[in-house]
1. Please work out if Gly129 is among the small types (Gly, Ala, Ser), free of Cβ contacts under 8 Å to residues at least 40 places away in the same chain and farther than 25 Å from Asp56 by Cα.
2. Could you look through the range 51-61, keep only residues that are assigned to a strand (DSSP E or B) and in contact (Cβ under 8 Å) with a residue 40 or more places away in the chain, and pick out the one that is farthest from Ala100 (Cα to Cα)?
3. Can you tell me which condition Ser44 does not meet? The list is (1) within 20 Å of Arg110 (Cα to Cα); (2) loosely packed, with under 13 Cβ neighbours inside 10 Å; (3) modelled with pLDDT under 90, and all the others hold.
4. Can you name the residue in the range 74-91 that is among the hydrophobic types (A, V, I, L, M, F, W, C) and part of a strand (DSSP E or B) and, of all such residues, is farthest from Thr102 (Cα to Cα)?
5. Is it the case, given these coordinates, that Val73 is closer than 30 Å to Tyr123 by Cα, in contact (Cβ under 8 Å) with a residue 24 or more places away in the chain and of a type in the set (A, V, I, L, M, F, W, C)?
6. Say whether the condition of being within 17 Å of Ala11 (Cβ to Cβ) and either under 14 Å from the mean Cα position of the chain (by Cα) or small (Gly, Ala, Ser) (or both) is met by at least one residue in the range 121-134.
Amino acid sequence: MPEATERPIRATGGCLCGSVRYTVRGELRDVIACHCPLCRRLHSHFAAYTECDSADIEIVGTGKLRWYRSSPVARRGFCSRCGAQLFSESSDKRRIAIAAGTIDEPTGLRLTRHVCVAKKGDYYEIADGLPQIAGRQSCE
């Protein structure tokens, strides 16, 4: 019987202190910037997330990973040691969003659009020419 081969690693990453690490072996969606008040509070400006199927990510250091139910539709994963915001997971747990700034290696991902721009901070403009969507169903 032939040995099963593992899918290649698409990305690795982790928190600031290294207590929580992850490996992604599936496709990553291009990056979306969310400007909703919740993401601005969590990230101090806006949030940049990529996303994969939950089955495609392996998380190591789950003893330091804590989850916070941030809204009726999602929970956020962060390191309890350094506080780094790493993940956002939908209630159905089929997909997991990964904070793009936590990825170790260049992945070829690109920022493709801005969402929740109707609720962005008034202290900055978005001038990169990418599509801007006023809201998003799971914004908060």
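1. yes
2. Val60
3. The single condition Ser44 does not satisfy is (1).
4. Ala74
5. Answer is yes for this residue.
6. No, because not a single residue in the range 121-134 is within 17 Å of Ala11 (Cβ to Cβ) and either under 14 Å from the mean Cα position of the chain (by Cα) or small (Gly, Ala, Ser) (or both).
Residue by residue, here is whether (1) touching a residue at least 60 places away in the same chain (Cβ under 8 Å); (2) more than 23 Å from Gly26 (Cβ to Cβ); (3) part of a strand (DSSP E or B) holds:
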position	(1), (2), (3)
Gly63	no, yes, no
Lys93	no, no, no
Ile96	no, no, yes
Glu105	yes, no, no
Leu109	yes, no, no
Thr112	yes, no, yes
Gly121	yes, yes, no
Gly135	no, yes, no
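The values are calculated or read from the model by the stated rules, or taken from the named source; none is laboratory data. These numbers were taken from a predicted model, which means no experiment stands behind them. All Cβ positions, glycine included, derive from the backbone under ideal geometry; neighbour counts span all protein chains shown.
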